[in-house]
Amino acid sequence: VSGPSRSVPSDESQRESPRVEAALGRLRSAGERVTPARLAVLRVVDAADVADEHLTAEQIGARVAAHEPAVHRATVYRTLTSLTGTGVLSHVHLGGTATVYHLAHPARAVPANADETGTATHGHAHVQCSSCGRVLDAPAGVLDDVARRLRDDLGFELDTSHAALLGTCAECAQG
Ligand SMILES: [Zn+2]
Ligand SMILES: [Zn+2]
């Protein structure tokens with residue numbers, strides 16, 4: 001049934017999700033190359049975002065390895081750092097030493113979460129349960145009053161999406 005004229009798409013012409021396409025477009029317009037490692041990392045992080053997951057570098061590395069065995073783990077870690085530096089990914093620090101990654105959405109983050117340098121954020125705050133470790137997204141505006149008071153009282157610009165606030169989730173609070 002497959003037609004003889006069916007062409008094999010190259011990696012870059014393959015159909016990506018709109019979010020991955022947008023990230024690739026931003027990479028290219030920044031003069032950055034789209035490498036197999038970068039594409040694999042963007043796909044994994046995008047799928048995790050859609051599934052409402054928060055993945056560490058180790059977890060992203062494991063998933064990339066499942067899809068692209070040729071991409072070394074060290075390359076994945078370097079790729080996470082460079083994509084975050086380019087503003088295509090954002091990261092969130094959790095309790096302890098864990099860091100998790102999201103695709104960055106600068107358009108949506110403006111103006112509520114864009115800082116003065118235009119650093120990309122993914123536009124929502126995070127809370128993490130100290131007992132069970134689960135990470136929950138909090139609405140983007142939930143820390144607005146806190147941010148306003150810190151600005152007024154201390155002249156401090158709070159980066160509301162850069163680190164998770166620690167506490168106890170509803171389930172653990174019941175137990
Ligand atoms: Zn909990
Ligand atoms: Zn999140």
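The values are calculated or read from the model by the stated rules, or taken from the named source; none is laboratory data. None of these values were measured; they are calculated from a predicted model. Positions of Cβ are generated from backbone atoms using ideal geometry, with glycine treated the same way; all protein chains shown enter the neighbour counts. The area values use the complete protein model at the heavy-atom level, side chains included, leaving out ligands, DNA and RNA. Shrake-Rupley method; radii C 1.70, N 1.55, O 1.52, S 1.80 Å.
For (1) surrounded by 12 or more Cβ atoms within 10 Å (Cβ to Cβ); (2) modelled with pLDDT of 90 or more; (3) more than 16 Å from ligand 1 (Cβ to nearest atom); (4) part of a loop (DSSP other than H, G, I, E, B), each residue gets a yes or a no:
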site: ALA74; (1), (2), (3), (4): no, yes, yes, no
site: TYR77; (1), (2), (3), (4): yes, yes, yes, no
site: LEU83; (1), (2), (3), (4): yes, yes, yes, no
site: ALA114; (1), (2), (3), (4): yes, no, yes, yes
Mind listing whichever residues of the range 157-175 are away from ligand 1 (no atom under 16 Å from the Cβ) and either within 13 Å of VAL135 (Cβ to Cβ) or touching a residue at least 60 places away in the same chain (Cβ under 8 Å) (or both)?
-> SER161, HIS162, ALA163
Only residues that are open to solvent by less than 60 Å² (accessible area, probe 1.4 Å) and either in contact (Cβ under 8 Å) with a residue 12 or more places away in the chain or within 15 Å of THR84 (Cβ to Cβ) (or both): list them for the range 49-65, please.
-> ASP49, HIS54, LEU55, THR56, ALA57, ILE60, GLY61, VAL64
Those residues of the range 1-31 which are outside any loop (DSSP other than H, G, I, E, B) and modelled with pLDDT of 90 or more amount to PRO18, ARG19, VAL20, GLU21, ALA22, ALA23, LEU24, GLY25, ARG26, LEU27, ARG28, SER29
Is there a residue being within 30 Å of ARG28 (Cβ to Cβ), exposed (fewer than 12 other Cβ atoms within 10 Å of the Cβ), of a type in the set (S, T, N, Q) and modelled with pLDDT under 90 anywhere in the range 119-129?
-> no
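Within the range 138-175, count every residue that is within 16 Å of ligand 2 (Cβ to nearest atom), of a type in the set (Val, Ile, Thr) and open to solvent by 80 Å² or more (accessible area, probe 1.4 Å).
Filtering the range 138-175 for residues within 16 Å of ligand 2 (Cβ to nearest atom) gives 138-143, 159-167, 169.
Okay, now just the ones that are also of a type in the set (Val, Ile, Thr), so 142, 160.
Checking which are open to solvent by 80 Å² or more (accessible area, probe 1.4 Å) leaves us with 142.
Within the range 138-175, residues that are within 16 Å of ligand 2 (Cβ to nearest atom), of a type in the set (Val, Ile, Thr) and open to solvent by 80 Å² or more (accessible area, probe 1.4 Å) number 1.
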